[in-house]
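Colleague: The structure is given below, and queries will be raised subsequently.
The numbers here are math on the coordinates, done by the rules we state, and not lab data. Computed from a prediction, not measured in an experiment: that's the story for all the values here. Methodologically, a virtual Cβ is constructed for each residue, glycine included, from the backbone with ideal geometry; neighbour enumeration extends over all protein chains shown.
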Amino acid sequence: MESLPLIAVTSGEPAGIGIEICLKLSQIKCACQLIFFADINLMRQQAQFFNMTIEIIEWHEQTITQINKLYVKHISLTEPAIMGKLNPANARYVLQTIQSATEYCQQGKIKALVTMPIHKGIINQAGIKFTGHTEYLAELTQAHPVMMLACDELRVALVTTHLPLNKVSEAITAETLQTVIQICQQDLINKFNIKNPLITVCGLNPHAGEDGYLGMEEINIINPTLEKLRQQGINLLGSLPADTAFTPALMAKTDLFLAMYHDQGLTVLKHICFGRAVNVTLGLPIIRTSVDHGTALDIAGQNKANIGSAINAIKYANIK
């Protein structure tokens, strides 16, 4: 059998739809071999629950020689998982699946990482300070991550990620903005093969500050930083009012929109392509993609999980 690139898939919150998605992913054909980081007993229990006939094999870095098998890097749950019911006792298990998969990618044993959704609240409830996958991967890899969501029609990256709205302004510094834009440009060139990407930048305030009447961040920080980067050869448009940036004409020529905060950009993207968008973390020394949805506790165990976003996440992870 021809050797295929290995892709790590973490199974996410064990009470959610992550395991169901993993089981469904194992049944599709793709140009890579998936290694699922999960509790193997949970995988087998849910396969039986969903009446799926799948041979589930524990992976010990062995060469993959058989197709139509599901390979699991076994990581033990702390307590049995109940579909739809969160349990803080399993928070460390969730983080361990991410940490283990990341280490395999850092060591070059696995090509890329695809993550299923996790529940930030239950991890914090367990006494572990946690703001999200993106920030946790930054800690594990000692890198500056940039969160980007993408679909066929649109790419949106964020200057700030999971922050309360009243903390956003102080987090937007010239240094941070410059770093984020440079990472976006480099990864668009190196990972997406776009020779001279156009990045359209949203302002922070309504009407991009309205010449200072609605805020000074554009005048004091954002626009001077954009001009400095233009002089370095980066192709930038903006800053523009966010409410008129995502027009069909601008979307047609823009390679990446840069939003100042989470909902400013992702509301537009998810309206256009929810269920098939991919979360891509730029700026990491590894390739990491994820789905665009949450744990969906309300439908866990009902065989309703849609795998469209997960399939696209695997395609993005295997892009190069």
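Colleague: Nearest 10 degrees, 0 to 90: what angle lies between the long axis of helix 262-273 and the longest principal axis of the chain (Cα atoms)?
Modeller: Result, in degrees: 60.
Colleague: Now for a different question. What are the extents of the Cα atoms of the chain along their three principal axes, in Å, largest first?
Modeller: Result for the chain: principal-axis Cα extents of 62, 43, 34 Å.
Colleague: Same structure, new question: Once each part is reduced to its C-alpha centroid, what is the distance from the stretch 239-291 to the stretch 26-55 in angstrom?
Modeller: Using only Cα atoms, the two centres lie 31 Å from each other.
Colleague: If I model a spin label at E61 and K315 as a point 7 Å from the Cα along the Cα→Cβ vector, what separation in nanometres do I get?
Modeller: Going by the 7 Å Cα→Cβ label model, 3.4 nm.
Colleague: Taking the Cα centre as origin and putting +1 on Lys and Arg beta-carbons and -1 on Asp and Glu beta-carbons, what dipole magnitude results for the stretch 145-282, to the nearest 20 debye?
Modeller: Dipole size: approximately 480 debye.
Colleague: Picking from Q96, Q125, Q62, which is most flexible by a Gaussian network model of the chain using Cα springs under 10 Å?
Modeller: Q62
Colleague: Identify, among Q96, C32, A81, the residue whose Cα sits farthest towards the positive end of the charge dipole of the stretch 18-118, taking +1 on the Cβ of Lys and Arg and -1 on the Cβ of Asp and Glu, with the dipole about the Cα centre.
Modeller: The residue sitting most towards the positive pole is C32.
Colleague: Work out, step by step, the length gained on full extension between I194 and H162: first 0.36 nm times the residue separation, then minus their alpha carbon distance; give nm to one decimal.
Modeller: Stretched out fully, the I194 to H162 stretch lengthens by 8.7 nm.
Colleague: Radius of gyration and Dmax for the stretch 65-113's Cα atoms, expressed in Å?
Modeller: In Å, with Rg to one decimal and Dmax whole: 13.6, 38.
Colleague: Would you mind checking the pairs K109/K191; K111/K315; K85/K120; K85/K315; K167/K228; K73/K191 and listing those with alpha carbons more than 22 angstrom apart?
Modeller: K85/K315; K167/K228; K73/K191
Colleague: Run the quick spin-label model on Q302 and A171: label points 7 Å from Cα toward the beta carbon, then report their separation in nm to one decimal.
Modeller: Between Q302 and A171, the label points sit 3.2 nm apart.
Colleague: Evaluated at 37 °C with a viscosity of 0.692 mPa s, what Stokes-Einstein diffusion coefficient in µm²/s does the stretch 145-282 have when Rh comes from the Kirkwood expression over alpha-carbon pairs?
Modeller: Answer from the Stokes-Einstein relation: 221 µm²/s.
Colleague: How long are the semi-axes of the equivalent ellipsoid of the stretch 1-133, taking √(5λ) for every eigenvalue λ of the Cα gyration tensor, in whole Å from largest down?
Modeller: 24, 18, 11
Colleague: Please figure out what share of the DSSP beta bridges in the chain is antiparallel and state it in percent, rounded to the nearest 5.
Modeller: Bridges in the chain that DSSP calls antiparallel: roughly 30 percent.
Colleague: Could you give the size of the charge dipole of the chain about its Cα centre, using +1 on the Cβ of each K and R and -1 on the Cβ of each D and E, expressed in debye and rounded to the nearest 20?
Modeller: Its charge dipole is roughly 820 debye.
Colleague: Name the residue farthest towards the positive end of the dipole of the stretch 188-320 from the options I219, G294, A208, assuming +1 on Cβ of Lys and Arg, -1 on Cβ of Asp and Glu, about the Cα centre.
Modeller: G294
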